[in-house]
Each structure stands twice: as C-alpha cells, then as structure tokens.
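Take a look at the structure below.
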Amino acid sequence: MGWRSLTSRASVGLLLLSCWALTLLHFLLNPSTVSRPTENLRDQSPSYTILTIHQGHQAPEGLAEEHPGPGASPSQHYQDENEPVPHSQVDLQPWAGPRESFHTEAQRFLRYISTLQLRCSVALSQALQRGHPDDPAGGPWAVCLDHMPTLALKQQQEKCLVYTFSVVKRALDFVEVMSNVGCEVHSFGLTPKKQADIWHEGQRLVLHSQVWLDWHEQQLTAFLQGQRSSSKTLRQILQELGHKKIDVLEADLASAEWKILESVLLDGTLEAVHQLILTIHLHWPGFEVAGNDATVVRYWYSLLRELETRGFLLFHSYQDIHKPRLFLHRSHFNTSSTYTLCWVNTMWMF
C-alpha cells in the first residue's frame, strides 16, 4: 500500500506540473491574451463598420466600408469633396401671395420666365450670329458666345461638347450650326433623319443614339414607331460615354422636362452643364406632376428658382406664337403653351 500511494502522489504531481508548463507555454506564445491595465486599451484602434447614407438615399446593400481606425486618410472614410452630394427634394418657394391662388402663381411664373437675368451681346441661333438675343425673329434657341470665347474664336484647345434631346421631329438647324463651329454633337431620342447619324460632304456631323432621357435611375424599354430604345438618366449617359462636362445641352422633352429637370438638380448632374436650352410646355402639369393648378405652377417656379441658386441665369426667352395659347387648359392668360428658355451656368468650373 505504501508503494502504491507513493506512485499515485507522484503521478498527480507530474500531471499538475505538466498543466502548469502547458499554461506557461500558451502565454509565452500568445502574449495578447494576457490582461492589460485599462489605460493601455485606449491606445488600441479597433476596426468597426460604418454606413454612409445621404439624406433621402439609402446606402446600397453591400457597400458598407471598413473603418480603419484613427490615423487613416479622410478620403478612405468620406465622400470625395468634388463629387456632387444628392439632395432629397427641391425646396418649394413660398406662395406668391398671402394665400394660395392659381392666378397669382401664374402671374409670378410668367413674369419670371419672361425676365432676362443676363445680357448676351453675341449669340448663335438660326441666323448664326446676331446682336440682340431678345429679338423674337432670331428663333427659339440661342447659344451665348459671350460665355464661350473659345467657341467664338473657333480655336478650342478642347473640342466643345453638345447634347441634344428630342422626342419630336424638328429642323436640323441647331445640330448643323453647332457642328459647323467645331463642336462634337450627340443627338438622343427621335432620329431627325432616316440615317442614324447625320453626314455632310463625307464628314459625320452628329452622332445619334436611340436613347431617351429619363428621370428614373433604371433601365427601361420604350417603343416608338416600332423601334426599341432604352431610357436612361443624364448621369448614366455621361458615365457610359465617358464625358465629364457638356458645353451646351438642348432638349425638347414633350412635358417630361419638369421631372427630368428635378432629377438632374437633385443628383447634381446639372453642374456639368455650361449652357442649357430647354423647351417647356405649359398646357398641362407634365408627366408625374400632381396637385391642383396653383400647386403645379408653384412647383414649376420652384424648379426654375433652384436653377438660379445653382448659378443658371436666363439670357433668352422665346414664346412660340404658333402653339396653342393655353396655360394649364386655360386661355385667359393670353400666353403660348410653349416657351424655349436659355440659361448660362455662371458657376461652371470646367
């Protein structure tokens, strides 16, 4: 019994010694498991996940980024300061009078689109060059050469870029004039001729794409005259063509102009446009524009005022006397249902 008892005690001692040795070896190989004083933990930089969400926009799933902790470059954490920050909505202007009134709203709106904010001494139009852009005989569209000196001299180091959008057939004077002064012209929407591109004396004047300008950030399919075409936002078109700026953007969108104007204001794309030529239609509210008549006109006016806050000043306003004289189905304002307005972006940075 004495020998067995001695052997048993030796075994237990050997087992305890082995456990202590293994524990010591574990701490030596893994020093991070040793508890540290609380003040030392402040020096650590643990990683954590953040989501960047702009007002009115939810970050897409899977785009969460890993925050590298203190000391990392700010460009790793935040949006590029040069990238336009989307807005959730266009702020509505106060009512034109002390109370809601369609008549008062209409008067303010018509006065606003008829009052020029910028003087242009030399412009391009159907007459090529003229000295007074407020002369109705000059035609509906105008490009102010005062703010395009390189175009006026026809000695651009970088070729000017022109976009034109249309859902109606019309004359080719705009694309031909802009191409003749040396601009690269891209036409979108309804093909102005049977050919996809416009050629003159062996040279391609206009590159045409069967793409329709839309205010939805998605791929859609439209059918017009038996032709299949895709619908894209201005931001998508710029990205696909690799363009950063547009010297002149001209558009006749057949009452889709209000929602498209809202979309390019909200996503910041309009900042890339130097001169904007937009045909507006006033005989009905427009696609996806809801509300009573006073609310609709207030919305229109708010969009144009938002343009002004972004630096766009009106230098040419043309009332098409050949169109019905209707304003939201009413005739007592004695005004055309169609205007063409031309702005210069005075904050253009390109």
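Annotations
- Among the trypsin sites (Lys or Arg not before Pro) in segment 232-322, those located in a DSSP loop and surrounded by at most 10 other Cβ atoms within 10 Å of their own Cβ are 244.
- Note on 320, 267, 91, 214: ascending count of other Cβ atoms within 10 Å places them as 91, 320, 267, 214, the fewest first.
- Near the amide H of residue 246, within less than 5 Å, lie the amide hydrogens of 273, 274, all on another chain or at least 5 residues away, with H placed in the peptide plane.
- For residue 107 and residue 172, the difference between the fully extended length at 0.36 nm per residue and the C-alpha to C-alpha distance is 20.0 nm.
- Sorted by Cβ density within 10 Å, fewest first, the residues 329, 316, 274: 329, 274, 316
- Cross-link pairs beyond the 23 Å C-alpha cut-off, checked among 245/323; 159/232; 159/245: 245/323; 159/232
We did not get these values from a lab; they are worked out from the coordinates using the rules stated. Note that the structure is predicted; figures quoted are calculated from it, not measured. We place every Cβ from the backbone using ideal geometry, glycine too, and count neighbours over all the protein chains shown.
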